[in-house]
Structure formats: C-alpha cells, structure tokens
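Novice: Here you go, one structure.
Nothing in this text is a laboratory measurement; each read-out follows from the coordinates by a stated rule. Only a predicted model underlies this, so the values are computations on that prediction, with no experimental measurement involved. A quick note on method: Cβ atoms are made from the backbone with ideal geometry, for glycine too, and the neighbour counts reach across all protein chains shown.
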Amino acid sequence: MKILGVSAHYHDSAAALLVDGVPVCAVQEERLSRRKNDASFPIGAIEWCLDHAGITPDDLDAVVFYERSMLKFDRILTTALRAFPRSWRSFPQAIKNTLGEKVWVRGIISSHLGVPREKILFTDHHASHAAVAFLTAPVRRAAILTADGVGEWATLTVGRGERRADGIAEISLEREVRFPHSLGMLYSTFTAYLGFAVNEDEYKVMGLAAYGRPTMVDKVGKLIRRTPDGAFAIAPEYFEYQTTAGRSYSSRFIGLFGPPRNRYDPIDLETADGQRFADCAASVQRVLEDVLVDIARNLHRETGLTDLCYGGGVALNGVANARILAESGFERLFVPPAPGDAGCALGAALYADRIYFRNPDRDVPDHPFWGPAVDAGELAKAGREDNQAVDELDQAAMLERIAGELADGRIVGWMEGACEFGPRALGHRSILAAPHAREMRDRLNRDIKYREDFRPFAPVVPAETAGRFFDLPPGGARLARFMSGVFPVRPEWRDRLGAVTHVDGSARVQVLEREMAPRLHALLEAYGRRTGIPVLLNTSLNVAGEPIVTRALEGYSTFRRCGIDVLVAGNTLVKKRAAPPARASMQERVASWA
Amino acid sequence: MVSPIDGLLRPVHQWVWGDFDRRVRKLLAFAEVETDGGRDILRAAELTQDPLLRRLYLEHAIDELHHGNLFRERGAALLRLRATRARSLFNGNPLPGGHGLDDLRIEGEPDHRLLAFLHVAEKAAAGRFTIYRELVDDDPATRAIFEEILRDEVFHMNYTYTQLARISPRSHRWQIWRARGNRLWKRYLRVAVAIAAVFGTAMISLLYFVVLPPFAWFARRAARRETSGWSPIPASRHQLPDSRHSQY
C-alpha cells in the first residue's frame, strides 16, 4: 500500500511517502524551494517523494492531509465571532486567507495530483503529531503527549498508544486542552514580545532563558492558571492572538512586563533592559516546564506506563524535555526528529496506514535521514570550475584529513547521504568545528551563522563515550539521539568544551550511535584519537534566515559566502582559497579571479 | 539614468524620505527586499548550468545580501535614535516581505530571461537610488549607503547586460524589451491585486458588521458556557467510517 502524507499552509509544509507501512522518504518543502519555513502546498516535496520511489500519483492508495481544514476554519470563524467587534480588522484578512486556499485542500490535492477525491483522507492535527511520536518510536506501549500552538481546536492532548500482539496498532487520544488555552501560544507570545519571529525563533527564547533568572514567574503565573482538573487556562485579557492577527500580547501584558523589545535592537545583557528580557525568557521557560512536568507526571500516574511519546512544536524545547524525563516518572521519553508540523506529514501517513486501514504495524527505521541525497560529483565539478582546491580521497584518508583540519581550528561543512527530516542537523548536513574554545562559538556566530552572540551551539558525541563528558540521566541518551534534550556538561569538561557549553553549564547534546551515521561516528573517533576528546560542535549547514542545505551546490554556495574553511560531500573535499577582502566591491572581486 | 516616471514621482519620493518615520519604514522594507532578492539570485547561482554565471550570480547575491544588511542596520540605528510610530509595527509582526519588489521566479527560468530581468531591475533601481541619494542630503550615513549601493548597482547592470549579450547574442535586445514589458505587466497586476484587495476587504467588513452581530451574540453566549481545562475526546471521532474523509 502506498500512502502519501501531506502537511501544508501554516508553517513548514512537507510530504512523506509510506510504502507497505514503512517510510520511504520525507522532505520539507523549504529544503527544495529554499524558502525558510515555506508553508505553500508542498508540490516540490510531493514530486520529489514520488520520483524517489519511482511511482506516479495513480499508484497512490491514499493521500492523507495532516489536519481537518474545515474544523480549523470553524475555530477561526468562532474566535472572530467571540471577539466581535474587536476582530473587525483581522476578520477580512482571516477570511480571505482561509477561503482563498486553505479550506479547499481536497480540491487542491485532487487538481495537483489528479487522484480521485475518495482517495484523499484527513486526520486530526494532534492525531498526526501523536502518530509520528508513537509509531516511529521503538516501544510496545506508551503514554502520548502532544503540545503545540494550536491545531484545529486542540492545543494539547494526552492519550496512549499500543502495538497489540496481533500486530495492530492503537492510538487513543483521550482528552485535550482547547484554544485559546495554549502553552505553545503562551511561549510564542513571549517570542514576539522579545522581538523574535513567531513559529521560528522560539528556540532563541530558550537560549536566552539561560542568561536570566526566573524572577517574573509570579507575573507569568497571572497569564496562565492551573485548572482544578490538572490542565491550564490562559487569562485572555493579557493576550490578543485570539482576537487580532496584528499582535499577540495586549496592553495589559505590556503593563505587566514593560515595553517589548524592538527586534532591530541587539540584546545587550549588560543593560537593565537586556537583563529584563532574559529574565522574561527564564520566567516563561520555567512556567512552561512546570506545567508540562506536572501534566506528564499526572499522565504517568494515570497510565502507569514507563514510556512517553511526545510530539508537537513544544516538544522542540529541549530544556523542558530534560525536566520531563527527570521529574515526570517516565523512564524513557521519545521525541521524533520532526515533532513539529512538518513531521505531521509522516504522522498522517502512518496514522492512515495503521489506524484507518488497520495494516499490521511495521518497525520504522530509527533515523531522521529521509530526504534527498547529496551528490559529491556536483561539488567536485563546481569547486574545480571555480579554481578551488578539490581533493577526492578514500574514506579513511578523508576522515583523517578532516579530523586534522578540525583539530587545526578549521570549520568544516559536512554533507553526507540523505538529508534530515526535521529542523535539526543530525550529522548529514552539518557545520562541524572544534568544541573546545569559546572563541570558536563567537566566530561561528559572527562569521558563519550571522546570529546573536547569546546563542549556544550543540555538541555531538559517540554514544560509547557520552557519559564521560555529559551528565546524562537514565533515558537521557535516547532523548539525545535526535538532539531533543538539554543536559549538563560535566563540570570538569566545561572549560575544555567551552564552545558547546551554554552559560548555565548545559548543552543540547546529540548522542550518536554508530549505526545511525557511521561516517560521522568514525570522524568523531578520528578526532578523539588526535585530541583526546571525541566531541565536535555540530550546527546546521545554513546561514541565518535560510533553510538547511539539501544539494551539494547549495552547500557550496553557503561555503563560498561565509567563513566555512572546508566543505565535504562524501569523499570530495573543497578547501577555500584566500579570498579578496570581504567588502571589496563586486568589480574588484571579479577582477581578482584573473 | 533617472527614468521619466521617477522624475515625475520625485515629489512623492520627497514626501517619503522627508519624514523620519517613513524613512525608517522604507529603509527596513528595502532591507527585506534586498535580502529576498539576494536569496533569489543565490538560488539562480545554485541552479544555472553556466559556470561563469554561477560565479557572477554568487557574487551578485553576496552584494544584495550585504545591501540588505546595510539598510537593516541603518533603519535600526534610526529607530534607536528616536521612538517612531513605526516601532509598534515591528513588534510581533512580520515586515512586508515577498521575494523582491518584482516577485521573481527562479526555478525553470532560462538564464537569458533572468539576466534580462536583472538588468532591467538593476537599471530601474539605480535610477531610483540616484533620486533617493539626493533626497537624504541631510542624513550623511543614509546617503553613504545609497552611494555604495548605487556603485554596486551600476556594476550589476553592466555585467548582466554583458552576460546577456554573451549567452544570447542575437536576441539580447529583444529579451530586454520583453523584460520591460513583463515588468510593466507585473506592476499592473500588483496594482490590480491591491485594488481588488481593498474592495474585498471593504465587502467582508461590511458583511462583518451587518451579518455577524447575531451570530456573534450566540458565539459569545456559547463561550460563556464553556469550561476551561480538559475536554474529553470522544472515541467515536475517529471510529466513524466516514471520519477519515471528513474535513470537519
């Protein structure tokens, strides 16, 4: 059976293809269109998936959309009605936006792919999150928690999943918290207040939180109260996301926390305002963690299960995830590599296969590499045409060479095999660097990623030696498989891992098992043999504002534009030649080619 | 270099650049436009099969992204200088964006068409920036930015023409005329869409105030009866045979 899952229209659209119950490929539209967070209908991703599997739309048994678009429209309309007449500004935009395209999903899919309408299915948004969290995890039964900004109406759900002895999988979501009460929207409101981009920069709030103290927990507590049944409710007077499209926080919110940050002002932690923003971030982070831990703890008590599968955009918050693992009572916490809306494409396809069609459960390969593969020949050709130094070496020599370059302080762009599905670079499209000196972090932030200097970088470490450098609790290595948890760096290593140790002594570590990415694992070992520390700084191969690269040429253009010294694709290595001064005019730069 | 239309529009430009708030907004909008344009050209560099064009596009994209940064930094500096009405516009809201003023499609476009488009766009920008440079005489820092960008735009204009003549020696003039025609057509479409949007908004707003009030009353009444906290999810939601086909 061939099932195509599609997510689209809000943020991060994607497509995923399932053949006989096993994923064959999955890719976000942004990786192909090169437009960050591309939310358009993912026709490029769908075409790539079909091409990759060698099938046509006629071969598909079902196309599954990840949410019920009319139910979402129902929420938008109801919310506007409840806010009447304050919603008069946002209403026309919402109606044009929704009726213009978003509710006609069946027609859009049918016209793009030419599949009959009866083959087009729908799942609940949070059921898609739940499916990708549970059905990709290597567990028999588990509690399920999903949390995001909002799906159709639900913002958070709990339930359980089971793979029965007869091979049938069950997912049952038992209860939900409904819009406007939303942990995701609470966090996003602070993201906007702190001058960052909503639905994109929430991780900056998490990074900033480490610089602050949670001195405003009481104030954040006014925004969200716990309900007697263990859920939560927001205080609507502090928010405007439920009434207008213009701003997510209200004047009362500003009255409580002070003036918002202008997004063009750098955050200076030496100033009172900078510290206030950091304290805001720390406070909302603390409240988010407390609520999630409490909900997870209750879920553990109620189900008596040892494993928790956790999906939705909020599951990208690694600090909260680590606390859930440590304090909720669950022994293991499974967060998929794409817990957000992109992952819902895969979740919707899995849900249809296992739940709608009752096909027997199949193990899903436990890795994130479902996207297009890199072509090393493309890199070699481009490098040679541009008179760069190109080397093609066998694997052993290549790894030794790269380890040497890294040990010498060079920054390496690393492309290998199929690209990751999800927002994180997990070893196939990465920038790698020596993790030892804080100057390396500053250099990466300044010359390569062009981003705020408070942002931390993540380390990658082989599973065999992870415990030596990082204080991983039981279950921590699993959570760190897809870089989903933030854990302390052991104090004795913090100075020697300065580039990857955040200000609070933590790191969002990736614990790498050999089978998942054997070449990167071998590189870590080679680097360890040279330096005694088999740890590398691992960040996504892109610059700020751009999606992670997919093809070799995209990696190459990134390499040429920023301070990456060496670019590797498979067994091809390109080393940058000395370039003219960065701000020479194009005329001077072109003249220098001769 | 200044086109007759821009010459005629000079009072409008003066009106925009003469006001502090509008100047800040314009600079920040330019930052987005230049950055988006840079990304488009970057994409062209990644897609072209012509090695020389790839190198040139890459350098061009680096320039455009740099221009975006110059505008962004200047706009931010002005914002810090003085509180403006613009300040509230940038909190929690994306800036007006899009992929360049002349929304450019890169995928599947042949190089000659892209070069012609870039040549025409750079020439128009150079003409306009010449006027802007004169209008910000009171602001040396902004003027210096326009001077730097203007110098780059002239080079972009020249290299795109040279390359167009190289890859399309017999039809490059025709390509440029065609690009001009397309530009005019897109301008017309932009204006038409904007007018349609105004009419659409007016109609929906009218409906909002005329038709919605009774429904709003019912919706608010229903909202008051809703309890916060957990809501049970009925098991039947997924078990009904037609639920899989339902968008509700």
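Novice: Any of A:449/B:26; A:204/A:381; A:102/B:186; A:96/B:26; A:96/B:186; A:36/B:26 with alpha carbons more than 29 Å apart? Name them for me.
Specialist: On the way: A:449/B:26 26 Å; A:204/A:381 37 Å; A:102/B:186 25 Å; A:96/B:26 27 Å; A:96/B:186 22 Å; A:36/B:26 23 Å.
Beyond 29 Å: A:204/A:381.
Novice: On to the next question. For an R0 of 51 angstrom, estimate the FRET efficiency from the Cβ-Cβ distance between residue B:22 and residue A:465 and round to the nearest 0.05. Display every interim value, and only then the final one.
Specialist: Values: r = 59 Å, r/R0 = 1.15.
The formula returns an efficiency of 0.30 here.
Novice: Mean Kyte-Doolittle hydropathy of 1.0 or higher plus an axial Cα length of 27 Å or more: which whole DSSP H helices in chain B meet both? Walk me through the intermediate numbers first.
Specialist: On the way: long enough: B:20-47 (41 Å, -0.29); B:51-81 (45 Å, -0.21); B:111-135 (35 Å, 0.07); B:140-167 (40 Å, -0.21); B:172-225 (69 Å, 0.26).
Helices meeting the span and hydropathy rule in chain B: none at all.
Novice: Rounded to whole Å and ordered largest first, report the semi-axes of the equivalent ellipsoid of the protein assembly as shown derived from its Cα gyration tensor (root of 5λ).
Specialist: Numbers: eigenvalues 323, 237, 160 Å².
Three semi-axes, in Å: 40, 34, 28.
Novice: Quote the relative contact order of the stretch A:183-333 in percent (integer), defining contacts as alpha-carbon pairs under 8 Å separated by 6+ residues. Walk me through the numbers on the way to the answer.
Specialist: Working: 196 pairs, mean separation 43.7, N = 151.
Relative contact order of the stretch A:183-333: 29 percent.
Novice: Relative to a virtual label point 7 Å from the Cα of residue A:88 in the Cα→beta-carbon direction, which members of the stretch B:186-204 show backbone nitrogen distances below 18 Å?
Specialist: B:198-204
Novice: Can you give the helix-only mean residue ellipticity at 222 nm for chain A, where every DSSP H stretch with n ≥ 4 adds -39500 (n - 2.57) and the sum goes over all residues, rounded to the nearest 500 deg cm²/dmol?
Specialist: Details: 21 runs with 210 residues, N = 594.
It comes out at -10500 deg cm²/dmol, rounded to the nearest 500.
Novice: How much FRET efficiency would the formula 1/(1 + (r/R0)^6) give for residue B:196 and residue A:544, where r is the Cβ-Cβ distance and R0 is 41 Å, rounded to 0.05?
Specialist: Working: r = 35 Å, r/R0 = 0.86.
Rounded to the nearest 0.05, the efficiency is 0.70.
Novice: Here's a follow-up. What is the distance in Å between the Cα centres of the stretch A:376-398 and the stretch A:428-455?
Specialist: Between the Cα centres of the stretch A:376-398 and the stretch A:428-455 lies a distance of 24 Å.
Novice: Ok, one more. Taking chain B as a Gaussian network, where each spring joins two C-alpha atoms under 10 Å apart, which residue of B:150, B:79, B:114 fluctuates the most?
Specialist: Among B:150, B:79, B:114, the largest GNM mean-square fluctuation belongs to B:79.
Novice: Hey, got the average number of other protein chain Cβ atoms within 10 angstrom for residues in A:375-385? Numbers along the way, then the final one.
Specialist: Details: counts 0, 0, 0, 0, 0, 0, 1, 5, 0, 1, 5.
Mean partner-chain Cβ count within 10 Å for A:375-385: 1.
Novice: Calculate the spin-label point distance for residue B:12 paired with residue A:439, positioning each point 7 Å from the Cα along the beta-carbon direction, and give it in nanometres.
Specialist: Distance between the two pseudo-spin positions: 5.3 nm.
Novice: Summing -39500 (n - 2.57) over the DSSP H runs of n ≥ 4 in chain B and dividing by its residue number, what mean residue ellipticity at 222 nm do you reach, to the nearest 500 deg cm²/dmol? Spell out each step's value before the answer.
Specialist: Values: 9 runs with 187 residues, N = 248.
Calculated from helices alone, the mean residue ellipticity at 222 nm is -26000 deg cm²/dmol.
Novice: Let me ask something else. What full-extension length gain, to one decimal in nm, is calculated for residue A:504 and residue A:302 as 0.36 nm per residue of separation minus the Cα-Cα distance?
Specialist: Details: separation 202, 0.36 × 202 = 72.72 nm, distance 3.38 nm.
Computed gain between residue A:504 and residue A:302 is 69.3 nm.
Novice: Turning to a different aspect of this structure: Give me the distance in nm between label points sitting 7 Å out from Cα along the Cα-to-Cβ direction at residue B:158 and residue A:451, one decimal.
Specialist: So the label points at residue B:158 and residue A:451 sit 3.9 nm apart.
Novice: Within 10 Å, count the other beta carbons around each residue, average over each peptide in A:350-356, A:337-343, and list them highest first.
Specialist: Numbers: A:350-356: 26.3, A:337-343: 29.7.
Result, highest mean first: A:337-343, A:350-356.
Novice: A follow-up question, please. Under 10 Å, Cα contacts only: if you run a Gaussian network model on chain B, which one of B:231, B:168, B:205 comes out with the highest mean-square fluctuation?
Specialist: For chain B, modelled as a Gaussian network with Cα springs under 10 Å, the answer is B:231.
Novice: What nm distance separates the two modelled labels at residue A:55 and residue A:74, each placed 7 Å from Cα along Cα→Cβ?
Specialist: Roughly 3.1 nm, to one decimal.
Novice: Shifting gears a bit: Do you know the relative contact order of chain B, to the nearest whole percent, from alpha carbon pairs under 8 angstrom that are 6+ apart? Intermediate values should be presented prior to the final figure.
Specialist: Values: 198 pairs, mean separation 50.8, N = 248.
So the answer I get is 20 percent.
Novice: GNM on chain B, C-alpha springs below 10 Å: top fluctuator among B:117, B:71, B:20?
Specialist: It is B:20.
Novice: What FRET efficiency comes out for the pair residue A:96/residue B:188, r = Cβ-Cβ distance, R0 = 30 Å, nearest 0.05? Please report the intermediate quantities before stating the final value.
Specialist: Numbers: r = 21 Å, r/R0 = 0.70.
Once rounded, the FRET efficiency stands at 0.90.
Novice: Calculate how many DSSP beta bridges within the stretch A:404-550 are antiparallel, expressed in % of all such bridges and rounded to the nearest 5. Don't jump to the answer; show the numbers that get you there.
Specialist: On the way: 14 of 17 bridges.
Bridges in the stretch A:404-550 are about 80 percent antiparallel.
Novice: Next up: Of the listed peptides A:471-478, A:290-297, what is their order by residue-averaged count of other C-beta atoms within 10 Å, with the highest listed first? Can you show the working numbers first?
Specialist: Numbers: A:471-478: 18.5, A:290-297: 20.2.
So the peptides A:471-478, A:290-297, ranked by packing, come out A:290-297, A:471-478.
Novice: In the stretch B:214-236, which residues have a backbone nitrogen under 20 Å from the label point lying 7 Å from residue A:229's Cα in the Cα-to-Cβ direction?
Specialist: Correct set: B:221-236.
Novice: Fewest to most neighbouring Cβ within 10 Å: what's the order for A:237, B:34, A:200? Before the final figure, lay out the partial values.
Specialist: Details: A:237 12, B:34 24, A:200 17.
Ranked by crowding around the Cβ, least crowded first: A:237, A:200, B:34.
Novice: In peptide A:223-234, how many Cβ atoms from other protein chains are near each Cβ within 10 Å, on average?
Specialist: On the way: counts 0, 0, 1, 1, 4, 2, 5, 2, 4, 3, 3, 1.
That works out to 2 on average.
Novice: On average, how many beta carbons from a partner chain sit within 10 Å of the beta carbon of a residue in B:40-47? Before the final figure, lay out each step's value.
Specialist: Details: counts 2, 0, 7, 5, 0, 7, 12, 4.
Averaged over the peptide's residues, the number is 5.
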